[in-house]
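Below you'll find the structure, written out as structure tokens, and then a few comments.
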Amino acid sequence: MPLVVNKVDLPFVGNSHELEGYLYGDAPVCIILFDGPPGSGPKLHRHPYAEVFLVQEGSATFTVGEDTIDVTGGQIVVAPAGVPHKFVNSGAGPLRQIDIHANDRFITEWLED
């Protein structure tokens with residue numbers, strides 16, 4: 001039987017609604033629905049699994065390891081497992097993206113205060 005989850009029923013943290021797969025039918029992923037204003041985004045961190053960012057709207061500057069890249073809606077960024085990464089909304093409007101964690105629960109090591 002399919003499970004339907006309403007976005008508004010998910011925990012809201014900062015600029016994001018968050019789904020941890022283990023809470024929803026043992027889905028093997030976590031999903032962050034990010035919708036942030038200019039200048040917003042998480043500080044430098046890493047995970048023991050890959051994270052995939054599907055940028056839907058807006059502009060962002062990503063740091064992944066030693067690389068800094070500018071992306072816009074329609075592009076996808078992959079941060080490999082164990083590689084420090086962060087992003088910031090570098091545009092003039094909202095940044096909307098879906099962040100997929102290749103794990104059933106969030107495991108995050110924060111590297112900046």
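Here are the numbers:
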read-out: Count - residues of the stretch 76-113 that are of a type outside the set (Ser, Thr, Tyr), more than 17 Å from ALA50 (Cα to Cα) and at pLDDT 95 or above; value: 8
read-out: Residue match in the stretch 57-75 (condition: closer than 16 Å to ILE100 by Cα, open to solvent by 40 Å² or more (accessible area, probe 1.4 Å) and under 13 Å from the mean Cα position of the chain (by Cα)); value: no
read-out: Residues being within 17 Å of THR63 (Cα to Cα) and either open to solvent by 50 Å² or more (accessible area, probe 1.4 Å) or in contact (Cβ under 8 Å) with a residue 60 or more places away in the chain (or both) - total across the stretch 37-47; value: 7
read-out: Unique residue being closer than 17 Å to GLN97 by Cα and surrounded by fewer than 11 Cβ atoms within 10 Å (Cβ to Cβ) when the list is VAL13, VAL29, VAL4; value: VAL13
read-out: Close pairs from the stretch 81-92: first open to solvent by 40 Å² or more (accessible area, probe 1.4 Å), partner modelled with pLDDT under 95, Cβ under 9 Å, at least 6 apart; value: LYS86/GLU112
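The values are calculated or read from the model by the stated rules, or taken from the named source; none is laboratory data. Since the structure is predicted, the reported quantities are computational estimates derived from the model, not experimental observations. Cβ atoms come from the backbone with ideal geometry, glycine included; neighbour counts cover every protein chain shown. The accessibility values were calculated without ligands, DNA or RNA, using every heavy atom of the protein model including side chains. Shrake-Rupley method; radii C 1.70, N 1.55, O 1.52, S 1.80 Å.
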